[in-house]
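Below: the structure, in structure tokens.
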Amino acid sequence: MTTVVEPPSPAPSGAASGAIELRGIGKRFPGVIANHDIDITIRTGTIHALVGENGAGKSTLMKILYGVQKPDDGTITVNGSEVSFATPADAIDRGIGMVFQHFMLADNLTVLENVALGAEKLHGIGDAARAEILTISKRYGFELDPDELVETLGVGERQRVEILKVLYRGAKIIILDEPTAVLVPQEVDALFANLRELKAQGHTLIFISHKLDEVLAVADDITVMRRGTTVTSVKPADVTARKLAELMVGSELPSPSTEESTVTDTVLLSVSDIELHDSLGRTELADISFDIHAGEVLGIAGVEGNGQTELVETLIGMRHPIAGTVRLGDQDISQWSTRERRESGIGYIPEDRQRHGLLLDSPLWENRILGHQTRRPSVKGGWLDVGGARQDSERIVEEYDVRTPGIDTTARALSGGNQQKFIVGREMSGDPVLLIASHPTRGVDVGAQAQIWGHIKQARKNGLAVLLISADLDELIGLSDTIRVLLRGRLVGEFDPQTVTPQELGSAMTGAGDDQ
């Protein structure tokens, strides 16, 4: 499909003045042009969404605006004055704050301590800081207790703490990177209410997201980026989600729908009465039992921190339960090592791709070997097969559309979405019998989503059993044959994807449906 590329639209006549103007921004790295000819006007007192596929240059552009990177070309104007940022501190001094996708909070500290950390010169760490936090919380409807430990907060509340941190430092322009990635629908609604209140109070917000329906719901203006440059700027009223997807990737918005059941009678994974404790003897998982059949996708829904990580680590062999069994086919693998489980045909897409999925400073072809170092194409006759690993890396790059200068590029040099596509390609290789997929499309664009969904659906038709853990409820509903909810380390509900709504799942995930 051919997409017409429109020039970036200027701000409407009579519109609010530009809080930020980016003109001709360019940034180059060895072998990669990350940004070129970027032109964006962000109006004061608006929510401006920035969308684009992985590798489109959004993250690099925001790092430039926040002072993490310096541009090679172009100018940045903030509130009418041209600026040059050498560090994030320079950006903060000009009233710019950034809330990153992955929370940067210390669980063992209070809200007050997290907010004041590094900004003690503003209000100290005592009563003055507490009073300021309470004032900001009340003004924007955050309802945060300064003295509460962060470890006791839900995901939505932690998101508010991150926003509170930048407001505390005086930010009037706030960059939000994928702020809804781990929120349930009710938490998204609450966040959007907070953002609208921030806008009403005169703040300017830059909203980066792959969830196009949310972009259309909350944004005043939308800028589309592709291949490192700006494609167009549009108003939400003038486009649909399908049109935005078309502008981003040249194709229609994909659907995760699996259409027909491929579930067989063959049980490939059987988990019975699993109980897991932490190092202090506290229960992390209890009474966990389920089966996954060949050709079945079992979806696990849950707010992060309710046992999903512990369940995955137990199934892949990183943790061992104190009670219960895990069977793969007719074999009890409860005490098997991770290597033994991998060699028996378990694929693994980890929730944290950088910690558990990649060697960031190694080239892609070496990352192809990671976790597969005892099987083809990584070995041949007991020896490392560099040629085989390189050849299969080339195949993964081509088949999964991994945007990279080549397989000798380090994993760190790739955008997060392209890192994810490479991991998915690696784990879908070698015909696994079971795939443990933890947030397989987190941080990837709609085009990459379509590819990953397509590969999972095809493997499912071929008899693959899949345990799918995702914060994207549409993805869970669309891909799963059955959905279970994990709450406080226990499975509390079973739902039919054909009839359940995201709101019903969200209620069960937060415990609101306990009495239903």
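What follows is calculated from the coordinates using simple rules that are stated; it is not laboratory data. Only a predicted model underlies this, so the values are computations on that prediction, with no experimental measurement involved. Please note: Cβ atoms are built from the backbone with ideal geometry, for glycine as well, and neighbour counts cover all protein chains shown.
Magnitude of the charge dipole for region 325-382, about its Cα centre and with charges confined to Cβ atoms of Lys, Arg (+1) and Asp, Glu (-1), is about 220 debye. When each of Asp385, Asp273 is scored by the number of other beta-carbon atoms lying within 10 Å, the sequence from fewest to most is Asp273, Asp385.
The distance separating the Cα centre of region 428-495 from that of region 318-333 comes to 21 Å. The eigenvalues of the Cα gyration tensor, multiplied by 5 and square-rooted, give region 267-510 an equivalent ellipsoid with semi-axes of 29, 21, 16 Å from largest to smallest. With the charge dipole of the chain set up from +1 on Lys and Arg Cβ and -1 on Asp and Glu Cβ about the Cα centre, the Cα lying farthest toward the positive end among the listed residues Pro405, Val99, His48 is that of Pro405.
Each Cα pair under 8 Å and six or more residues apart adds its separation to the average, and for the chain the resulting relative contact order is 16 percent.
Placing a pseudo-label 7 Å from each Cα along the Cα-to-Cβ vector at Ser344 and Lys138 gives an inter-label distance of 5.9 nm. Dipole magnitude for the chain: computed about the Cα centre from +1 point charges on Lys and Arg Cβ and -1 point charges on Asp and Glu Cβ, it is near 1580 debye. Sorting 283-289, 116-122 by their mean Cβ neighbour count within 10 Å, with the most densely packed peptide first, gives 283-289, 116-122.
For region 170-296, a/c is not less than 1.5, where a ≥ b ≥ c are the root eigenvalues of the C-alpha gyration tensor, and a/b does not top b/c. That puts it in the oblate class.
For the set Lys58/Lys138; Lys58/Lys421; Lys63/Lys165; Lys211/Lys243; Lys138/Lys172; Lys58/Lys211, the pairs lying more than 22 angstrom apart at their alpha carbons are Lys58/Lys138. For region 267-510, a simple Cβ point-charge model (Lys and Arg +1, Asp and Glu -1, everything else neutral) yields a dipole of about 620 debye relative to the Cα centre. According to the square roots a ≥ b ≥ c of the eigenvalues of the Cα gyration tensor, what is the shape class of region 299-425, taking rounded for a/c under 1.5, prolate for a/b larger than b/c otherwise, and oblate for the remainder? Oblate is the answer for region 299-425, as a/c is 1.5 or above yet b/c matches or exceeds a/b. Counting neighbouring beta carbons within 10 Å and listing from fewest to most, the residues Glu197, Glu246 come out as Glu197, Glu246. Here region 142-212 and region 348-417 have alpha carbon centers that stand 36 Å from each other. By the count of neighbouring beta-carbon atoms within 10 Å, fewest first, Trp365, Trp336 end up ordered Trp336, Trp365. Calculated mean residue ellipticity, 222 nm, the chain: -9000 deg cm²/dmol, from DSSP H runs (n ≥ 4) at -39500 (n - 2.57) each, averaged per residue and rounded to 500.
Among [x] 182, 61, 48; [y] 92, 66, 51; [z] 69, 51, 42, find the value of Cα extents along the principal axes in Å that was calculated from the structure presented, and write down its label. Label [z] holds the value from this structure.
The length gained on full extension between Asp73 and Ser261, counted as 0.36 nm times the residue separation minus their Cα-Cα distance, comes to 62.4 nm. Extension gain for Glu151 to Phe103 (0.36 nm times residue separation, less C-alpha to C-alpha distance): 16.1 nm. Which one of Ile300, Thr314, Leu364 has its Cα pushed farthest toward the positive end of the charge dipole of region 268-407, where Lys and Arg give +1 and Asp and Glu give -1 at the Cβ? Positive-most Cα among the choices belongs to Leu364. If the chain linking Val379 and Ser337 were pulled fully straight, counting 0.36 nm for each residue of separation and taking away their Cα-Cα distance, it would gain 13.1 nm.
The Cα center of region 22-53 and the Cα center of region 106-129 differ in position by 33 Å.
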